[in-house]
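A.B. asks: The structure follows.
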Amino acid sequence: MTALRRLLEHPHMRGRDVDDPSTTELRRNLIRAKPFLRHLYLEQYKRLLSRVPPGHGRIVELGAGAGFLDEVQPDVIRTDILDLSSIDLVCDATELPFGSDTLRAMLMFDVFHHIPDVSTFLKEAARVIRPGGVLAMVEPWPTCWSRLVYNSLHHEPFDMTVADWELPPGGALSGANGALPWIVFDRDRARFFDEHPGWEIEHFHRFMPFRYLASGGVSMRSLSPGFSFPLWSALEVLLSPAMRWLAMFAFVVLKRVEPSDQGMTS
């Protein structure tokens, strides 16, 4: 851990085991207690929900433990791999306890890059999400700026060089590779389409170069007060043409299709 990371670390998170369910419960409280971070989560929830199609089927949030999507979408099924007081269902992303074609959307915020076997997960998600439904996620994304931040300030690995899609053995949350979404949906896109013909990339958008860092996330101190959130948002809008070099996150939406219809839209 660098000296700067130690300096910015939230005192309540110091020395915590991220795989301990009590740490996720603490993070849930921190998100509510940090106004800037709460604004950010609300925005991402609205972003995710904006891509949910109408029609039949339930909405599931994967890795829901620390968040509060249910306050925005009360009928969402909140799941997590950890047994937490705030969730509806404990489940493993690679063995989803839902019937085939029963969901219209599965939503994730900072979850995909923690799944140890994303290929199996993508097949499971294609099984349970009905045709026309979506798998929508907000995930870390590599750019010139984000690689500097993730490699110097973040506790999770960010390795763009790994050959496969599986994570090395690790805990439910400590096991991670922040570069995994980029590896699957960009570097290895041809493999993704070849191995998962039930999906098309319906939407892709790079964004948010500074606000998550300014919020302190769930492990660092807040670097900016809540009232400044609109100012940071306006700055990021002005910088939109430079997201290829500055973005820290990407919004990726996969649409469930019949294999013969597979492709990419925007």
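The values are calculated or read from the model by the stated rules, or taken from the named source; none is laboratory data. Just so it is clear, the model here is predicted, and its values are computed rather than measured. A quick note on method: Cβ atoms are made from the backbone with ideal geometry, for glycine too, and the neighbour counts reach across all protein chains shown. Note: areas computed on protein heavy atoms with side chains; ligands, DNA, RNA excluded. Shrake-Rupley method; radii C 1.70, N 1.55, O 1.52, S 1.80 Å.
A.B. asks: Being part of a helix (DSSP H, G or I), within 25 Å of LEU148 (Cα to Cα) and modelled with pLDDT of 95 or more narrows it down to one residue among TYR41, TYR45; which is it?
C.D. replies: Selected residue: TYR41, the only one of TYR41, TYR45 that is part of a helix (DSSP H, G or I), within 25 Å of LEU148 (Cα to Cα) and modelled with pLDDT of 95 or more.
A.B. asks: If you go through the stretch 27-37 one residue at a time, do you hit one that is closer than 15 Å to LEU173 by Cα and buried (at least 16 other Cβ atoms within 10 Å of the Cβ)?
C.D. replies: First pass over the stretch 27-37, keeping only residues closer than 15 Å to LEU173 by Cα: 27-28.
With the extra rule that they be buried (at least 16 other Cβ atoms within 10 Å of the Cβ), the set shrinks to 27-28.
Scanning the stretch 27-37 turns up at least one residue that is closer than 15 Å to LEU173 by Cα and buried (at least 16 other Cβ atoms within 10 Å of the Cβ).
A.B. asks: Something else: Consider THR79 carefully, then state whether it is part of a helix (DSSP H, G or I) and in contact with a strand residue (DSSP E or B) (Cβ under 8 Å, 6 or more places away or on another chain).
C.D. replies: Criteria not met by THR79.
A.B. asks: Next question, about the same structure. Cβ contacts < 8 Å: first residue at positive phi, restricted to the stretch 61-81; second residue open to solvent by less than 10 Å² (accessible area, probe 1.4 Å), any location; separation 6+ or different chain. Result?
C.D. replies: GLY63/THR79; GLY63/MET108
A.B. asks: Considering only the stretch 153-204, state which residues are crowded, with 19+ Cβ neighbours inside 10 Å and among the polar types (S, T, N, Q).
C.D. replies: Once the filter is applied, which keeps residues that are crowded, with 19+ Cβ neighbours inside 10 Å and among the polar types (S, T, N, Q), the stretch 153-204 yields only ASN177.
A.B. asks: Return the total of residues in the stretch 202-244 being assigned to a helix (DSSP H, G or I), among the basic types (Lys, Arg) and closer than 24 Å to ALA66 by Cβ.
C.D. replies: 1
A.B. asks: Okay, moving on. Can we say GLY55 is open to solvent by 50 Å² or more (accessible area, probe 1.4 Å) and among the small types (Gly, Ala, Ser)?
C.D. replies: yes
A.B. asks: Every residue in the stretch 129-174 that is of a type in the set (Gly, Ala, Ser), out of contact with any Lys or Arg (no Cβ under 9 Å at 6 or more places or on another chain) and within 26 Å of THR23 (Cα to Cα), please.
C.D. replies: Those that are of a type in the set (Gly, Ala, Ser), out of contact with any Lys or Arg (no Cβ under 9 Å at 6 or more places or on another chain) and within 26 Å of THR23 (Cα to Cα): SER146, GLY170, GLY171, ALA172, SER174.
A.B. asks: For the stretch 193-208, what are the residues that are closer than 19 Å to ASP117 by Cβ and in contact (Cβ under 8 Å) with a residue 12 or more places away in the chain?
C.D. replies: Residues of the stretch 193-208 that are closer than 19 Å to ASP117 by Cβ, as a first pass: 193-199.
Those that are closer than 19 Å to ASP117 by Cβ and in contact (Cβ under 8 Å) with a residue 12 or more places away in the chain: PHE193, GLU195, HIS196, PRO197, GLY198, TRP199.
A.B. asks: Now a separate question. Here are ALA126, ALA105, ALA64: which of them is farther than 23 Å from PRO21 by Cβ, in contact with a Lys or Arg (Cβ under 9 Å, 6 or more places away or on another chain) and open to solvent by less than 10 Å² (accessible area, probe 1.4 Å)?
C.D. replies: ALA105
A.B. asks: Can you confirm whether the stretch 176-190 contains a residue that is touching a residue at least 60 places away in the same chain (Cβ under 8 Å), farther than 11 Å from HIS113 by Cα, of a type outside the set (Lys, Arg) and not in a helix (DSSP H, G or I)?
C.D. replies: Among the residues of the stretch 176-190, not one is touching a residue at least 60 places away in the same chain (Cβ under 8 Å), farther than 11 Å from HIS113 by Cα, of a type outside the set (Lys, Arg) and not in a helix (DSSP H, G or I), which makes the answer no.
A.B. asks: Scanning for something free of Cβ contacts under 8 Å to residues at least 40 places away in the same chain and open to solvent by less than 30 Å² (accessible area, probe 1.4 Å), does the stretch 115-122 turn up at least one residue?
C.D. replies: At the first step, the residues of the stretch 115-122 found to be free of Cβ contacts under 8 Å to residues at least 40 places away in the same chain are 120-121.
From what is left, the residues that are open to solvent by less than 30 Å² (accessible area, probe 1.4 Å) are 121.
Looking through the stretch 115-122, at least one residue is free of Cβ contacts under 8 Å to residues at least 40 places away in the same chain and open to solvent by less than 30 Å² (accessible area, probe 1.4 Å).
A.B. asks: Let me ask something additional. Would you point out the residue of the stretch 234-254, among those that are in contact with a strand residue (DSSP E or B) (Cβ under 6 Å, 6 or more places away or on another chain) and over 14 Å from LEU48 (Cβ atoms), that is most open to solvent (accessible area, probe 1.4 Å)?
C.D. replies: Top of the filtered list is MET243.
A.B. asks: Same structure, new question: Please name all residue pairs, on different chains or six or more residues apart, with Cβ atoms under 8 Å, provided the first residue is in the stretch 2-23 and is open to solvent by less than 70 Å² (accessible area, probe 1.4 Å) and the second residue is of a type in the set (Asp, Glu) and modelled with pLDDT of 80 or more.
C.D. replies: PRO21/ASP83; THR23/ASP17
A.B. asks: Can I ask one more? Within the stretch 130-139, can one find any residue that is at pLDDT 95 or above, of a type in the set (Lys, Arg), surrounded by fewer than 20 Cβ atoms within 10 Å (Cβ to Cβ) and part of a helix (DSSP H, G or I)?
C.D. replies: No, the stretch 130-139 contains no residue that is at pLDDT 95 or above, of a type in the set (Lys, Arg), surrounded by fewer than 20 Cβ atoms within 10 Å (Cβ to Cβ) and part of a helix (DSSP H, G or I).
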